[in-house]
Amino acid sequence: MTASPALERRMADLAGRQVPFVKVTVVRALHPTSAQPGDTALVLEDGRIEGFVGGVCAETTVRVQALRLLRSGESLLLRISPDAPAEPQEEGESGTLLVANPCLSGGELELFLEPLRPAPVVLVLGDTPIGRSLVTLGAGLEYDVRPAAGEVGAEELADVAAVVIASHGRQEEGLLTHAARAGVPYVALVASRRRGAAVLDGLDLTAEQRDRIHTPAGLWIGARTPGEIAVSILAELVASRHALAVHTEEAAAGPAPPSAEPQTARDPVCDMTVAVVADTPYSDAGGHRHWFCSTGCRDRFEAGTAQPAETP
């Protein structure tokens, strides 16, 4: 099953610009449904759907699950059926999720959802034992680890996930300053606590920007060799990417912060779970905001709950 040439070009464009998306392919359709096996669509981070995998009701379910997969990175075989249990149900350990869809008129859909996320770009400054270990080990994590030049402009940092300075005092200040100002999610300086503090004090940054720089770089794991130090830095980067703050044994034993789930709501008319994104229909009728799978459900809701206009 292949996407249309236009959609293939769109996927290549998104991948080339490091834009994450979920590719959705219909693998089975039990009529009556509007989708056919082979129909394909892309779901972007903002919830937009490009392509076709069914009507608005199928799209609503696909959008919710696709936004979740963009965060987990896992693929999913999604079965949508009007006869499924009210709550989503995992089927064994096969990576299949069964979801009810009351809007479908007797048909069923089976779709494969594949998140395509660009490899995180990690810039490493320093042709040193630690720097070389970071390049070697980072590739095993499927990170796009690249050696950084001494002079890197802000525009070159726009899509960078991490910057690690392991140059032992060479050309540190410029890249640290640019990375902190550009809001690179993870910035680390390999240095002793004393030297790291002195370097940060000399940078033209706000206190908040300085606080975001990790120095000494890496989690405390008793690392001694360049390879072990690289492992500790990559471990800290992984924890940072998953919004975990694990620096000590006590912190690691504590509760993990909640994962970033897409905001969802229940459609009060059809009871479907909908993703709350920019173009999700909603209504403030009745003094409380409700979200809907379609404008049809919204219109039916407003017809039954909105207060009648006063006659002049």
Kindly evaluate A207 against the criterion of being surrounded by fewer than 17 Cβ atoms within 10 Å (Cβ to Cβ), of a type in the set (A, V, I, L, M, F, W, C) and modelled with pLDDT under 90. no
Has the stretch 130-138 got at least one residue that is outside any helix (DSSP H, G or I) and in contact with a Leu (Cβ under 8 Å, 6 or more places away or on another chain)? no
Kindly list, by first and then second residue, each pair from a residue in the stretch 260-281 that is without any contact (Cβ under 8 Å) to a residue 12 or more places away in the chain to a residue that is of a type outside the set (A, V, I, L, M, F, W, C), limited to pairs with Cβ atoms under 6 Å and residues at least 6 apart or on different chains. none
Only one of (1) on the phi < 0 side of the Ramachandran plot; (2) at pLDDT below 90 is not met by A243, so which one is it? (1)
Among the residues of the stretch 6-46, the number that are of a type in the set (D, E, K, R) and within 19 Å of R71 (Cβ to Cβ) is 3
Do we find a residue being free of Cβ contacts under 8 Å to residues at least 40 places away in the same chain and either of a type outside the set (G, A, S) or not assigned by TED's automatic domain parsing to the domain that holds I229 (or both) anywhere in the stretch 62-74? no
In the stretch 36-56, how many are of a type in the set (G, A, S) and surrounded by 22 or more Cβ atoms within 10 Å (Cβ to Cβ)? 2
Here is a list of conditions, (1) modelled with pLDDT of 90 or more; (2) touching a Gly at 6+ places or on another chain (Cβ under 6 Å), and Q171 meets all of them except one; can you say which number that is? (1)
Over the stretch 97-132, the set of residues of a type outside the set (A, V, I, L, M) and more than 27 Å from the chain's Cα centre (by Cα) is P102, C103, S105, G106, G107, E108, G126, D127, T128, P129, G131, R132
Of the candidates G222, G196, G138, G131, the one satisfying the condition of being without any contact (Cβ under 8 Å) to a residue 24 or more places away in the chain and in contact with a strand residue (DSSP E or B) (Cβ under 6 Å, 6 or more places away or on another chain) is G196
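The values are calculated or read from the model by the stated rules, or taken from the named source; none is laboratory data. Model, not experiment: these values are computed from the prediction. Cβ sites come from the backbone with ideal geometry, for glycine too, and all protein chains shown count toward neighbours.
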